[in-house]
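The values are calculated or read from the model by the stated rules, or taken from the named source; none is laboratory data. Here the structure is a predicted model, which is why all the values come from computation and not from measurement. With ideal geometry, Cβ positions are generated from the backbone for all residues, glycine too; neighbour counts draw on all protein chains shown. With ligands, DNA and RNA removed, areas are computed over all heavy atoms of the protein, side chains included. Shrake-Rupley method; radii C 1.70, N 1.55, O 1.52, S 1.80 Å.
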Amino acid sequence: MSPSTKQNYLKSYYQYTVNNFITLLIIPLAAAVTMHLHRLGADGLIGIWESLNFDTIHILCSVFLLILISTIYLLSKPRSIYLVDYSCFKPPFTFRVPFATFMEHAHLVLKDHPESVDFMMKILERSGLGEETSLPPSIHYIPPEPTMEKAREEAELVMFSAIDNLMKKTGLKAKDIDILVVNCSLFSPTPSLSAMIVNKYKLRSNIKSFNLSGMGCSAGVISVDLAKDLLQAHPNSSALVVSTEIITPNNYEGTERAMLLPNCIFRMGAAAVLLSNKSSDRRRAKYKLLHIVRTHKGADDKSYRCVFEQEDSEGRVGVHLSKDLMITAGKALKSNITTIGPLALPASEQLLFVLTLIGRKIINPKWKPYIPDFKQAFDHFCIHAGGRAVIDELQKSLQLSAQHVEASRMTLHRFGNTSSSSVWYELAYIEAKGRMKKGDKIWQIAFGSGFKCNSAVWKCNRRIETPVDGPWKDCIDKYPVLVPEVVKL
C-alpha cells in the first residue's frame, strides 16, 4: 500500500470518527443501559418507580413544565424557508453576440480609437465567454441607443419572461404573492422596477415591495436574505425575488480601459425565485435555506472604490474596475468563509483548523495555515461567474476540482457575466446535468461592489428530475466544453 493510500485511509477514518463521535458514544451507552434494565426485570423497575414517591401534583407540574418548554422552543424556533422553484431568462437567438459581431461593432463605434478596440479584443480573447452570449437590441444598433425607453423594454423583457415561466412552473397566482424583492444595480428608474412588476401582474395593494439598487453582483443573495427576514416575520407567506442587471443604459462608450472591461464580459440575464414559509410547500419545494452569510468591506477605502461608477475625463459614465479587485475579493472571501465555516463545516475540519491555529500561536508561527476542505461540507458550488480570473482564484483558494467549478465556467461561457442572476444559471446547469440529489448541499458565493462577498447555503429538499425546459435545454448536451486560455480573434 502506497503512503498516499495510507494517508487517505487515515484521513477517512479520522473524519468518520470525529464527525460521528456523538453517535459512537451514545450507542455503547444505550446498549449498557438496556442490558442493565434487562437484568433488573419488571419487578426491579417497579421498585425503582415506587421508591421515587411521585404524587399527582409532581407529575402534573412536570408535564406542565415539559409543555411550557416545548411551547417556548417552538415559538422561538426560526421558520423554515423553502425555495419552491426558480426560473432563468433565456435570451432570444437574435440577441446573440458572436465575437465577430462584437468586434465589428467595437471597430465602428470606436473607429477613432484603434488602441481601445485592440484592448477590448485582448480582454475578449481571455474572458472565457463563448459565441452565444447575448446583448439587448439597443446595443446592437450603431451607434447604440441607451435610452430610457429601450432600458425599460429590456427590463420588461427579462423580468416578465422569467416571472411568467416561474408562474407556469409553480402554478403561482398574482394574489398569492405577499412579498416582492427586486434587485438591479445600475438601472433605477422611477417608478421602480418593483412597481413595474406590481403594475404588470396587478399585485395586491398590501404587498410588501422592495427595490434594491447599487449593490452589485452579490445583490441576489442580499435579496434572498431580505426575503428570508420578511418571511420570518410574516407566517404563511410567499416571496418573489427577481434578480437582474439591465445592460442598455450602462454601455460605456469612452476609451478608459478600466471602464471598457464591463462591456466585454457583462451580458443579459435575469432570474425569478419563489420562496415560501408555508408548511404546504414543504414537500414540493426544491431546496431549503440553511444559512446566509454577508460580508461587507466598505469601511476600507480601497475596497469601497474597487468597483466604482464614475465619469471619465470626457464626462462619459461607466463602471471603473480597479486593479486591486482580485486582492479585495480574496480578503472578502476570507472573512466570509471564516464566518460560514463554523456553520457548515463538519467537526473533523473544524477541529483540524483549531488545532493548527493553536499550534501556530503556541508552537511554531511558521506552520502553514490549514485550509478547511469545503468539499466535505458542500456537494455543489455556484461561484459567481464574474470572469475567468474570479473563478480561477476561488478554485485555487478553496482547492476545488475542475468539476466543482464546471457550472461557473460553463455559465460564463454560455451566458457571460449576468451579474446577480449568474448563481441561478449555475444551479440550473447542475440540475440540467442530472447531478442534484436529495440531501445535497449547495454553496452559492457572490461578489459585488461595496465591496461585498455574500454566501447562501441550500439543501436539496427532494428528488430533482432532470428539467426538460430552462436556459440550458437546447445546449446542455454539448457541455462541458473546453475553454482555451486564449481564443485568437
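For all pairs of alpha-carbon atoms in the chain, what percent lies in each bin of width 10 Å, listed from the first bin to the last filled one?
That works out to 4, 17, 26, 23, 14, 8, 4, 2, 1, 0, 0, in percent per bin.
What longest region of the chain stays clear of GluC sites (Glu not before Pro) that DSSP places outside H, G, I, E and B and that have at most 14 other Cβ atoms within 10 Å?
132-313
Compute the helix-to-body angle for 422-432: its Cα long axis versus the longest principal axis of the chain, expressed 0 to 90° and rounded to tens.
70 degrees
Kindly give the semi-axes, whole Å and largest first, of the ellipsoid equivalent to the range 118-235, taking each as the square root of 5 times a Cα gyration tensor eigenvalue.
Semi-axes from the Cα gyration tensor: 31, 17, 15 Å.
Where a ≥ b ≥ c are the square roots of the eigenvalues of the C-alpha gyration tensor, would you call the range 353-398 rounded, which needs a/c under 1.5, or, failing that, prolate if a/b is larger than b/c, or oblate?
oblate
Report, as a whole number in µm² per second, the diffusion coefficient that Stokes-Einstein gives for the range 138-183 at 10 °C and 1.306 mPa s using the Kirkwood radius over alpha carbon pairs.
After rounding, the answer is 125 µm²/s.
What number comes out for accessible area per residue over the chain if the probe is 1.4 Å? Units Å², please.
Accessible area per residue: 51 Å².
Which pairs, out of K302/K396; K200/K297; K169/K452; K302/K459; K441/K488; K77/K200, put more than 29 Å between their alpha-carbon atoms?
Going by Cα-Cα distance, K200/K297; K169/K452; K302/K459; K441/K488; K77/K200 fall outside the 29 Å limit.
Provide the net charge surrounding H291, with neighbours chosen by a C-beta distance below 13 Å and charges set as Lys +1, Arg +1, Asp -1, Glu -1.
With Lys, Arg at +1 and Asp, Glu at -1, the net is +4.
Pick out, in residue order, every one of the trypsin sites (Lys or Arg not before Pro) in the range 178-281 that is DSSP loop and has at most 16 other C-beta atoms within 10 Å; say none if there are none.
In loop regions of the range 178-281 (DSSP not H, G, I, E or B), the sparsely surrounded trypsin sites (Lys or Arg not before Pro) are K202, R204.
Which loop trypsin sites (Lys or Arg not before Pro) in the range 302-394, with loop taken from DSSP, have no more than 12 other Cβ atoms within 10 angstrom of their Cβ?
Sites meeting the loop and neighbour criteria: K323, K366.
Where a ≥ b ≥ c are the square roots of the eigenvalues of the C-alpha gyration tensor, would you call the range 110-150 rounded, which needs a/c under 1.5, or, failing that, prolate if a/b is larger than b/c, or oblate?
Since a/c reaches 1.5 but b/c is at least a/b, the shape of the range 110-150 is classed as oblate.
If I stretch the segment between R283 and H140 completely, what's the gain in nm (0.36 nm per residue apart, minus their alpha carbon distance), one decimal?
47.0 nm
Give me the net charge for the shell around K323: Cβ to Cβ below 11 angstrom, other residues only, Lys and Arg +1, Asp and Glu -1.
Surrounding charge for K323 is +1.
How would H234, H36 line up by accessible area, probe 1.4 Å, largest first?
Descending order: H36, H234.
Normalising by the residue count of the chain, find the relative contact order in percent from Cα pairs under 8 Å and 6+ residues apart.
20 percent
Of F266, A347, S238, which is farthest on the positive side of the dipole of the range 227-352, counting Cα position, with +1 on Lys and Arg Cβ, -1 on Asp and Glu Cβ, and the Cα centre as origin?
Positive-most Cα among the choices belongs to A347.
May I ask you to list the aspartates and glutamates whose Cα is less than 12 Å away from that of K438, ignoring any residue fewer than eight positions away on the same chain?
Counting by Cα, and skipping residues close in sequence, K438 has these aspartates and glutamates nearby: D379, E465.
To the nearest Å, what is the center-to-center distance of the range 399-447 and the range 117-174, using C-alpha atoms only?
20 Å
Which shape class, rounded, prolate or oblate, goes with the range 387-489 when its Cα gyration tensor gives a ≥ b ≥ c as root eigenvalues, a/c under 1.5 marks rounded, and past that a/b bigger than b/c marks prolate?
Since a/c reaches 1.5 but b/c is at least a/b, the shape of the range 387-489 is classed as oblate.
Pop out the carbon and sulfur fraction of the accessible area of the chain as a percent, whole number, probe 1.4 Å.
The computed percentage sits at 59.
Taking K and R as +1 and D and E as -1, what net charge do the other residues with C-beta under 14 Å from the C-beta of S127 add up to?
Taking every other residue near S127 into account, the sum is +2.
I'd like to know how the range 173-309 sits against the 2.2 N^0.38 Å rule of thumb: what's its Cα Rg over that expected value?
Relative to the 2.2 N^0.38 Å estimate, the range 173-309 comes out at 1.20.
Kindly flag which residue pairs out of K278/K473; K286/K375; K375/K473 have an alpha-carbon separation exceeding 25 Å in this structure.
Cα-Cα > 25 Å for K278/K473; K375/K473; rest within.
I'm a student and want to see the number: the projected area of the Cα convex hull of the range 195-274, averaged over all directions, in nm².
Over every viewing direction, the Cα hull of the range 195-274 projects on average to 6.5 nm².
When Rg is the radius of gyration of the Cα atoms in the range 271-360 and Rh is its Kirkwood radius, what does Rg/Rh come to?
Radius of gyration over Kirkwood radius for the range 271-360 works out to 1.15.
Figure the gain on full extension for D112 and I26 (residue separation times 0.36 nm, minus the Cα-Cα span) and round it to one decimal in nm.
Contour length minus the Cα-Cα distance gives 23.3 nm.
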